[in-house]
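A quick write-up on the structure given underneath.
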Number of protein chains: 2
Amino acid sequence: MKKFINAPESYVDDMLTGLVMAHPDIVRKGKQGRTLARCGGVPKGRVGIATGGGAGHLPLFAGYLGEGFADSCAVGNVFEGPNLQSCVDAINLADGGSGVLLLYGNYGGDRMNFDMASKLAAINDIETVLATDDIASASREEMSQRRGVAGIVFAYKAAGAAARTGASLKDVADIARRTVARTRTIGLGMKSCRLPGATDEISELRDDEVELGLGIHGEPGLWRRPMASADALVDEMIGRLLEEGPDDMEHRRLAVMVNGLGATPLEELYIAFRRAGNVLTERGLDVVMPLVGAFATSMEMAGLSVTLCFLDDELEKLLSAQANCPFWSVQ
Amino acid sequence: MKKFINAPESYVDDMLTGLVMAHPDIVRKGKQGRTLARCGGVPKGRVGIATGGGAGHLPLFAGYLGEGFADSCAVGNVFEGPNLQSCVDAINLADGGSGVLLLYGNYGGDRMNFDMASKLAAINDIETVLATDDIASASREEMSQRRGVAGIVFAYKAAGAAARTGASLKDVADIARRTVARTRTIGLGMKSCRLPGATDEISELRDDEVELGLGIHGEPGLWRRPMASADALVDEMIGRLLEEGPDDMEHRRLAVMVNGLGATPLEELYIAFRRAGNVLTERGLDVVMPLVGAFATSMEMAGLSVTLCFLDDELEKLLSAQANCPFWSVQ
């Protein structure tokens, strides 16, 4: 697959410049590090939300800055966590005087730099919540070891809505933590992707093969099997997600995301969503707030992920609250 | 490239079912033909807008139903115009008693069926406007022969906004016609796509080759050359679009769309937009209303198109008016 780029070394900065030019009312570049900040900054007295991660996953992470979402983002090289300076700057950019929630995916490099940055930032009032929604990445007994993938978008939305109500740092962090605890994702890779400047794909899949649970950086999944029908594959994905539901399921209402990993057409995402919705309804679950599109990608990786967020009354209200970022707008 | 589908013959209907399930407040299936209609229908006394086209181009065409956009859509098989019955039904679904604008792309099959449907529909008050924005598809002297591609989205938005003001059928059609007359698109294909059930791609591009002006059904473009830098390719695309500007350019304000053809990552679209915005600014033009994303695709085709809409005061106002469809929301 050809890439429409100038040079591998300018990939991230060219992309961020374009992103800021395309959304000038929502996002601006930070003055230091490689950071973006929400236009207008964090209103005084409101909890700020800082995030970050490697490039190559748009709309993650930089796309989720906006009113009712995150406030700042540190951006790393492709598939690499942001550097220390960028993490420090992202934290400071999210400071409105009432503390900062760090909300990002559970990856070693990101954790190391954000943890160190928390000690170096200008403020002390910081809480950290890690997204750990990828059920293929570790067993249920080791849930805290799981990687974060598309499900973080629900945590941005819920925590961002809580921050807008003037909630305390502890309460905003609790909301983010509860959202993560009630969110499960599984991916299915159909074709891998290539780092800018590299000649080989990060994971080689045969022409007739798909991989359940393939990670968004090519981490190995649960199995490789011959390509099957959309319905059969969705059935397996939904089955595994439902086995993982939280103990408290009395609400029986779900937010559902069918997310394209990059190169899979919207047509196929709707074909997947049709089956997901039907299966969940047959199981007596109510699908509210469907999201179908590209929310967390791996450049030109083909395939999709399905995310279920097992709602409770408060989460449903927060996810439905008015909000606006370039990739999820609720009017 | 594998496809995430059930069977070639259920592709379109599975996709439409998923689309309606994902946007239940915006769009519903029509009772006859293969049609979609905006929920709530056309308010009495308002001009309705019907559109249609082949499947495989999502968000085109079915994704642009909503308040301030189109009201009904006839859907054909993949890359085939909708059948006669669907065209008739789409016209009737857009009837609010004040006439219907038919707005669709300039393709022979679509034209034949919509023209015949206009005679068979329950109403007489119909005007037709064809999108003809693809500058690679015919020379400037034969502008009316050009095919319609991504630029039709601007025509939906402007005509939809005009209809919402209570404008007459003639005025809504004039707005659509003027938007088309002031809109130019050029595409660049990097990799082709495959029809569901087919074994070969619709157009074979070598690994090191790109095609300027490749049509969204694989129609041949202007040239094939070795892949070059993003900036060099955007420069050529913008140069050709500006040569084609309307005679009346005193406003010097442009709406700009960088549209992914399906498999090209959002990162690369922003890299393209960065250059497009810079080049246009250097030429003394103001870029307002940037749109970067997937607005008109060819399934898993890789590449992008750039569309310029040369604004005037009225078009700018109509394109900025509040509106809501799943793929373009203005608050």
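The values are calculated or read from the model by the stated rules, or taken from the named source; none is laboratory data. The shown structure was predicted, so the numbers you read here are calculated from the model rather than taken from an experiment. Cβ sites come from the backbone with ideal geometry, for glycine too, and all protein chains shown count toward neighbours. Protein only, heavy atoms only, side chains kept; ligands, DNA and RNA dropped before computing areas. Shrake-Rupley method; radii C 1.70, N 1.55, O 1.52, S 1.80 Å.
Figures for the structure shown
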read-out: Among (1) more than 15 Å from the chain's Cα centre (by Cα); (2) at the interface with chain A (Cβ under 8 Å from one of its Cβ atoms); (3) at pLDDT 95 or above - the single one B:Ala228 does not satisfy; value: (2)
read-out: Some residue of the stretch A:5-26 being more than 8 Å from chain B (Cβ to nearest Cβ) and under 28 Å from A:Lys170 (Cα atoms); value: yes
read-out: Options A:Gly277, A:Gly221, A:Gly284, A:Gly215; residue that is open to solvent by less than 10 Å² (accessible area, probe 1.4 Å) and assigned to a loop (DSSP other than H, G, I, E, B); value: A:Gly215
read-out: Any hit, the stretch A:99-106, residues being farther than 23 Å from A:Gly68 by Cβ and crowded, with 24+ Cβ neighbours inside 10 Å; value: no
read-out: Filter pass, A:Met289 being out of contact with any helix residue (DSSP H, G or I) (no Cβ under 9 Å at 6 or more places or on another chain) and not assigned by TED's automatic domain parsing to the domain that holds A:Phe69; value: no
read-out: The stretch A:27-37 - residue that is more than 13 Å from every other protein chain (Cβ to nearest Cβ) and in a strand (DSSP E or B) and, of those, surrounded by the most Cβ atoms within 10 Å (Cβ to Cβ); value: A:Thr35
read-out: Per-region count, the stretch A:170-195, residues in a loop (DSSP other than H, G, I, E, B) and in contact with a Ser or Thr (Cβ under 9 Å, 6 or more places away or on another chain); value: 2
read-out: Pairs where the first residue, in the stretch B:234-245, is more than 11 Å from B:Leu280 (Cβ to Cβ) and the second is of a type outside the set (Asp, Glu) and part of a loop (DSSP other than H, G, I, E, B), C-beta under 7 Å, 6+ apart; value: B:Arg240/B:Ile135; B:Glu244/B:Ile135
read-out: Conditions (1) more than 25 Å from B:Arg178 (Cα to Cα); (2) open to solvent by less than 20 Å² (accessible area, probe 1.4 Å); (3) under 17 Å from the mean Cα position of the chain (by Cα): number failed by B:Thr264; value: (3)
read-out: Given (1) surrounded by 24 or more Cβ atoms within 10 Å (Cβ to Cβ); (2) without any contact (Cβ under 8 Å) to a residue 40 or more places away in the chain; (3) of a type outside the set (Phe, Trp, Tyr), index of the condition A:Lys157 fails; value: (2)
read-out: Where A:Gly66 falls short, out of the listed (1) of a type in the set (Gly, Ala, Ser); (2) in contact with a Pro (Cβ under 8 Å, 6 or more places away or on another chain); (3) open to solvent by 10 Å² or more (accessible area, probe 1.4 Å); value: (3)
read-out: Search result, residues across the stretch B:294-331 that are among the small types (Gly, Ala, Ser), facing chain A (nearest Cβ under 9 Å) and open to solvent by less than 10 Å² (accessible area, probe 1.4 Å); value: B:Ser298, B:Ala302, B:Gly303
read-out: Looking only at the stretch B:246-266, and only at residues there that are free of Cβ contacts under 8 Å to residues at least 24 places away in the same chain and over 19 Å from A:Met15 (Cβ atoms), the one that is farthest from the other protein chains (Cβ to nearest Cβ); value: B:Asp247
read-out: Qualifying residue in the stretch B:35-55 (condition: under 20 Å from the mean Cα position of the chain (by Cα) and of a type in the set (D, E, K, R)); value: yes
read-out: B:Val88 vs. criteria open to solvent by 10 Å² or more (accessible area, probe 1.4 Å), outside the structural domain of B:Ala294 (by TED's automatic domain parsing), in contact (Cβ under 8 Å) with a residue 24 or more places away in the chain and hydrophobic (A, V, I, L, M, F, W, C); value: yes
read-out: Selection count where residues are touching a residue at least 24 places away in the same chain (Cβ under 8 Å), of a type in the set (S, T, N, Q) and either surrounded by 24 or more Cβ atoms within 10 Å (Cβ to Cβ) or under 16 Å from B:Leu101 (Cβ atoms) (or both), scope the stretch B:160-212; value: 4
read-out: Residue pairs meeting the criteria (Cβ under 7 Å; at least 6 apart or on separate chains; first at pLDDT 95 or above and open to solvent by 70 Å² or more (accessible area, probe 1.4 Å), in the stretch B:111-131; second among the aliphatic types (A, V, I, L, M) and assigned to a helix (DSSP H, G or I)); value: B:Met116/B:Leu84; B:Leu120/B:Val88; B:Asp125/B:Leu169
